[in-house]
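Encoded as structure tokens, the structure appears first; notes follow it.
The values are calculated or read from the model by the stated rules, or taken from the named source; none is laboratory data. This structure is a prediction, so every number in the text was calculated from the model and none was measured. Note that each Cβ is placed from the backbone with ideal geometry, even for glycine, and that neighbours are counted across all protein chains shown. Just so you know, the surface numbers come from the protein's heavy atoms only, side chains and all, with ligands and any DNA or RNA stripped out. Shrake-Rupley method; radii C 1.70, N 1.55, O 1.52, S 1.80 Å.
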Amino acid sequence: MAIETLVLGAGQEVGKSCVLVTINGKRIMFDCGMHMGFLDHRRYPDFTLVDPNQDFNSAITCIIITHFHLDHVGALAYFTEVCGYSGPIYMTYPTKALAPLMLEDYRKVMVDRRGEEELFSSNQIAECMKKVTAVDLRQTVQVDEDLQIRAYYAGHVIGAAMFYAKVGDAEMVYTGDYNMTPDRHLGAAQIDRLRLDLLITESTYATTIRDSRYAREREFLKAVHKCVSCGGKVLIPTFALGRAQELCILLEDYWERMNLKVPIYFSAGLTIQANAYYKMLISWTSQKIKDTYSKHNAFDFKNVQKFEKSMIDAPGPCVLFATPGMISGGFSLEVFKHWAVSENNLVTLPGYCVAGTIGHKLMSDKRGKVDLDANTRIDVRCQVHQLAFSPHTDSKGIMDLVNFLAPKHVILVHGEKHKMASLKEKIHSEFGIQCYDPANNETICIPSTHYVNAEASDTFIRSCLSPNFTFQKCNSADIYNSTTPDKNLMPMLQVEDERVSEGVLVVEKGKKAKIVHQDELLLMLEEQKHDTLSGTF
Amino acid sequence: MKFTCLSKGRGFHFPPCHMLNFCGIRILLDCPLDLSALLAFSPIPTSLDCLSVVESFNTEANGFDSGVGFGKRQKIEKLLHAQSLLFAEPWYKTVNNLHLWNSSFIDVVLISSPMGIMGLPFLTRIKGFSAKIYVTEASARLGQLMMEDLISMHVEFRHFYGPEESNFPSWLRQEELEILPSELREIILGKDGLEWGGWMPLYSAADVKDCMLKINTLNYAEEACYNGTLVIKAFSSGMEIGSCNWVLNSPKGDIAYVSGSSFISAHAMPFDYCSLQGTCALIYSDFFSLGDTQDSSDADNYSVSAADKLQPMSSQDLAGFNHNSVENSEEKEKLDFICSNTINYIQKGGSVLIPIDRLGTVLLLLEEMTASLEASDLKVPVYIISSMAEELLALLNIIPEWLCKQRQEKLFAGEQLFAHVNLLKEKKIHVVPAIHSHELLTNWQEPCIVFCPHWSMRMGPVVHLLRQWCGNPNSLLILEDVLNLELALLPFQPVAMKVLQCLFPSGIGLQTVQPLLKLLRPKTVLCPEELRLQTNLSSENSFSVLYYTEAETLKVPYRKHSSEIKIATDLASHFYWKTFKKEEINITKLKGELLMENGRHHLLLENDNKNSSSNKSLEHLGLPDSEKLMAALSKMGISGNIEHGMSDAKSQTACTIHIHDPYKASIEIGTTGTIITTADENVASSIYKIIDNILKAV
Ligand SMILES: [Zn+2]
């Protein structure tokens, strides 16, 4: 028995997450993402490797999408509507609600602003989403008779989930992106202690260890406050969902405390519309935010107004959330062109920007000239603040998760090559767990657990269960100080060895294996009992 | 497995309550309150009330328009009037039979609906109660709101009557009960006159808080594991948001518990019957299918009309269970009827009072009603008066995972899940916590439409509004099916206002029971006795049927006398097999760690090697031949001598072999065992192997 993992994307890189896992005859595609840094065929996973005949419906049992980020869901509409996959697709409720917004936004940026030929239409996005089955956290979904899947809270963005899959006796978890510490609006990742053959985990920050998030948040708020109090404009390029809401909750809170009146703007309708979704999905946020829903929904932003294009050159300080993030094009780029030239202004960037974006260029060279394309060069004089908090786990978090789950094998994806290699070493040396960091289009094959079933007699079970069982209170524990209280402890009964050894396994030809108590064996075989005891002085 | 029905309950607001013993685990199914027993109490009297005695109880004056029978009218008329109601702070009626059980012996409590939680704080506050409680998250939230609402409504009684003087209220005394009208006595003591033990003074807000802390919340289809042995899963029942049926898996088999269930719902996720398939036993506890169970004393109600004994649907029809358009249109018709009546009375200048607690009905009515008002261009205010309404309405819009498909589609389309969000924003409906709220006093306008909780018409805003409007023939009272309408309205007589009772379809439906059970393929079905008369299950041969009645214990034998153990292959490869060629049997002594996890036994390779040496006792068959053993020993270069005849009857030692070379050891061969004694573990194990080999030849 083996588990075969074909990495179609996010192998030794960040972007186009897509992993095809074959377990006991079932094939699951985890994530179906696109690469933001490429515009050619490299932006999508190489689906021809899934099935040379392109018969995806018989080649794949189901697709599981972990969260709405484009590098995890960006290729889905293409795969279903253009490549023709029509089998089951699973994602959480928030992902199903928000993924089409992301896809539509991306499509618009591609077609309307870059003038590219569209890879899929709005209609195709809608058709694609109709094929999706929404799942709740911890719900055990029976995909077919043999395949069971279950989503666990992953933090990261609203609705992000780690997925557990089980076929026969083989069990595995694919984490997607996750965060082991709670942030302003989300809780920390949570999972049961499972008996895994394989853990496939992201490793964006494979070697980084972060310190207190609050100090980093203060730095951000200070930078913003300083800029607006000097009359400057703050540009926060973000994607419509996730970071935008997190930072906005942070700013709203700060604005209230400091009694600031400087306007906070959201660009276009998208983010405003996104907030409507967030309001309905508030039970997927952190406990603190959830608890206040009936009096004031935290996503009802009081200070936020809508931004019009005509306001770009209006005088006076302001804070603007503009899409897309990483200044990869669109409106955020347009505003950037206007605002970057003044040293009064401020641009904030996330901790990670995909290679090929303006954000990436700014990070490597904070001041100076940035080439937008062959013809346009901007003289960047504004301040650049890099956010030092991230919705991804740091390396300590990855190590803690691996330690907690204690899987038999680990595969690292979604990270940078050299950093992954060092994490791989660390996992192997510290836990003695076999760890792999395959490149794209590589296949890893690992052995999987298999159980032999036997019928055990009541006498044996009874003798095992009483009276010397011990309770282990370790199951399903929270990793870390998660904000969602987990009360579903699953105590295990563990039986001491002496009682197990009173059992005898009998395999009779043509019959099912049976376990009986030694006292019963004699009856069963009608033989005289004879003990051999050995001992030491 | 042992099953005891503690109470069949009484409809939607008072669900059934059972006790189940499965694999030695005692499981309580639901812990409801019989709020209809509040009918025995008087609402807080007004000064006028106390004086004016309603002596002539003129039934003709009442504009009852319900189709529900009034079979008992003659019985109560003689004795019962508004003054005979109990003028005291109400107590609450719990399931009487539950008190016959020691609550500290309960291991697990499963709550199937928000209504099933109402009595739980009575249990959780008992010292020694330590059961694990499982509730779906939505049921827990709704249930908590309802309990808090009950407490806040109850406060007015406490203010009026003051603190209780003794632990035992006077109305519960024997002599007081004896002079009560029979109708009230039956409410208090039950039909057999024994139920006084179920009465309790209301729990406190702190009790509710404490109760909620003891709850484990679940999502649908989430696996919870009790003690490693029992895997517990909740699946939607369609009755209410968060309401569920249960599947319990254990190594001994599995049980499905079907509570009141509904194939269609305009708000809650519908009945997930597919997940209940193929269990060893199925406990059928949907009492809605049984028609009028509440009046089981009336023999008349058992006469089943021909229409009820419909031909069962064929299995092919089952696929359409969840899209039963007939029921759907019936519901729509009823809604239209209610709305057009409402408009009529509003146009006559009267107000409309809708004290309904069924969330689904309220939400539908709210949406339909505001739409009809708009369509007929009527501008009358719609008030929702309830201490929990604000939080409830906010909650409903953030739980898409618990709603029916049409509501979920709204989430995906980015629209509000329920119309009330926008209605509130547009000020078409007004939500206030109480009748004396400042906001209500300043905004109050009549005619109007008021939604409020029911509470058996004995407390809260409904009492005030009924008193205000009951004399007005142009006003309208819209009710769900009320157990005893006459008694419910007794304190408000004479009632001139029009009363409209609406019965929305609920439950599985009598003609669906059989095809449903056939589809679910349980091996045994436990059914209420009442079902025996109404549907012919016995003819079904794919499962056996057992009938249960209240307070009697049914024993269901397990079909399996063994349990499954999963042995890890990496462990199995370490097993030391012996083959008995004649019988083609292989046997091996087990080792490893036996783990009970998620209702399954696992035998796994031990992590630590503390017991790696093989000198653990291994079962042998037959008696080793001492001569053969000597020969085998000497072959290995071990020499010694045999000491025969040591055996007396008691010691059972056949012979002892003393070994001198190359090390000292002794082997005692007895009739029941062989004991190797040596200073060196390696020696022991090598001798052991030799003996083992000899024995293997058997
Ligand atoms: Zn992500």
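Please give the solvent-accessible surface of B:L546 in Å², to the nearest 10, using a probe radius of 1.4 Å with every protein chain present.
50
How big is the antiparallel share of DSSP beta bridges in chain A, given as a percent to the nearest 5?
50
List every residue whose amide H lies under 5 Å from the amide H of A:Y44, counting only residues 5 or more places away in sequence or on a different chain, with H placed 1.01 Å from N in the peptide plane.
For A:Y44, whose amide H was placed from the backbone, the distant partners under 5 Å are A:H35.
In terms of the Cα gyration tensor, with a ≥ b ≥ c the square roots of its eigenvalues, is chain A rounded because a/c is under 1.5, prolate because a/b exceeds b/c, or oblate?
prolate
Report the gain in length on full extension from B:R532 to B:L172: 0.36 nm times residue separation, minus Cα-Cα distance, nm rounded to one decimal.
125.9 nm
Have a look at segment A:214-386 and give its Rg and Dmax from the Cα atoms, expressed in angstrom.
Using the Cα atoms of segment A:214-386, the pair Rg, Dmax is 16.0, 53 Å.
Over segment A:405-460, with the other protein chains present, what is the accessible area per residue in square angstrom, probe 1.4 angstrom?
For segment A:405-460, the per-residue accessible area is 42 Å².
So how much accessible area does B:K348 have, in Å² to the nearest 10, using a 1.4 Å probe?
B:K348 has an accessible surface of roughly 110 Å² with all protein chains in place.
Quick one: which residues, 5+ away or cross-chain, put their amide H under 5 Å from the amide H of B:Y547? H built at 1.01 Å from N.
Amide H neighbours of B:Y547: B:C527.
Can you give me the Cα centroid spacing of segment B:163-192 and segment A:392-464 in angstrom?
Segment B:163-192 and segment A:392-464 have Cα centres separated by 66 Å.
Starting from one equal scatterer on each C-alpha and no solvent at all, send me the Debye-based log10 I(q)/I(0) for segment B:319-502 at q = 0.09, 0.10 Å⁻¹, two decimals.
-0.33, -0.41
Hey, what do the phi angles of segment B:422-433 turn into as Karplus ³J(HN,Hα) couplings, whole Hz, using 6.51/-1.76/1.60 and θ = phi - 60°, x for Gly and Pro?
Values per residue, Gly and Pro as x: 6, 4, 5, 4, 7, 6, 7, 10, 10, 10, 10, x Hz.
Convert each backbone phi in segment B:363-375 into a coupling constant with the Karplus relation 6.51 cos²θ - 1.76 cosθ + 1.60 (shift: θ = phi - 60°), then list the ³J(HN,Hα) values in order as whole Hz, x for Gly and Pro.
5, 5, 4, 4, 5, 5, 5, 5, 5, 5, 4, 4, 4
Would you list which lysines come within 18 Å of A:K361, measuring only between C-alpha atoms, while excluding same-chain residues fewer than 8 positions from it?
Partners within reach: A:K337, A:K369.
What is the calculated FRET efficiency for A:D379 to A:S122, with r their C-beta to C-beta distance and R₀ = 45 Å, to the nearest 0.05?
The calculated FRET efficiency here is 0.75.
Report the calculated FRET efficiency for A:A276 and B:T46 (r = Cβ-Cβ distance, R0 = 51 Å), to the nearest 0.05.
With a Förster radius of 51 Å, E is 0.60.
Rank these residues by their accessible area, most exposed first, probe 1.4 Å: B:Y576, B:Y558.
Accessible-area ranking of B:Y576, B:Y558, largest first: B:Y576, B:Y558.
Within 10 Å of each Cβ of B:215-227, how many other protein chain Cβ atoms are there on average?
Rounded to a whole number, the mean comes out at 5.
May I ask you to compute the full-extension gain from B:S666 to B:W196, defined as 0.36 nm times their residue separation minus their alpha-carbon distance, rounded to one decimal in nm?
Here the segment from B:S666 to B:W196 would lengthen by 161.7 nm.
Given H placed on each backbone N at 1.01 Å, which residues far from B:Y92 in sequence or on other chains put an amide H within less than 5 Å of it?
Answer set, sorted by chain and number: B:M200, B:L202.
Could you give the length gained on full extension between B:C274 and B:R521, defined as 0.36 nm per residue of separation minus the Cα-Cα distance, in nm?
Gain on extension, B:C274 to B:R521, equals 87.9 nm.
Label points 7 Å out from Cα along the Cβ direction at A:D146 and A:Q305: separation in nm?
According to this spin-label approximation, the distance is 6.2 nm.
B:M636: accessible area at probe 1.4 Å, nearest 10 Å²?
About 130 Å², rounded to the nearest 10.
Run the accessible area of segment A:280-345 with a 1.4 Å probe and give the carbon-and-sulfur part as a rounded percent.
Result for segment A:280-345: 49 percent of the exposed heavy-atom area is carbon or sulfur.
Pairs A:K279/B:K214; A:K302/B:K410; A:K131/B:K410; A:K295/B:K214; B:K635/B:K664; B:K332/B:K518: which are spaced more than 19 Å apart, C-alpha to C-alpha?
A:K279/B:K214; A:K302/B:K410; A:K295/B:K214; B:K332/B:K518
Across the residues of B:569-579, average count of Cβ atoms on other protein chains within 10 Å?
For peptide B:569-579, the averaged partner shielding equals 2.
Using a 1.4 angstrom probe on the protein heavy atoms only, line up B:S639, A:S390 by accessible area, largest first.
B:S639, A:S390
Please list B:475-483, B:148-156 highest first by mean number of surrounding beta-carbon atoms within 10 Å per residue.
B:475-483, B:148-156
For the full complex of protein chains and a 1.4 angstrom probe, list A:D379, A:D458 by accessible area with the highest value first.
A:D379, A:D458
Below 13 angstrom from the Cβ of B:L177, what's the summed charge of the other residues (Lys, Arg +1; Asp, Glu -1)?
-4
Would you mind computing, in nm to one decimal, how far apart the modelled labels at A:A215 and B:S104 are, each placed 7 Å from Cα along Cα→Cβ?
Spacing of the two 7 Å Cα→Cβ label points: 5.2 nm.
In the neighborhood of B:K428, defined by Cβ-to-Cβ distances under 15 Å, what is the net charge if each Lys or Arg adds +1 and each Asp or Glu adds -1?
-2
Antiparallel as a % of all DSSP beta bridges within segment A:214-386, to the nearest 5?
Looking only at bridges with both residues in segment A:214-386, the antiparallel portion is about 20 percent.
Output ³J(HN,Hα) for segment A:15-25: one whole-Hz value per residue in order, computed from phi by the Karplus curve 6.51 cos²θ - 1.76 cosθ + 1.60 with θ = phi - 60°, and x for Gly and Pro.
These are the phi-based 3J(HN,Hα) values: x, 6, 4, 5, 10, 10, 10, 10, 10, 6, x Hz.
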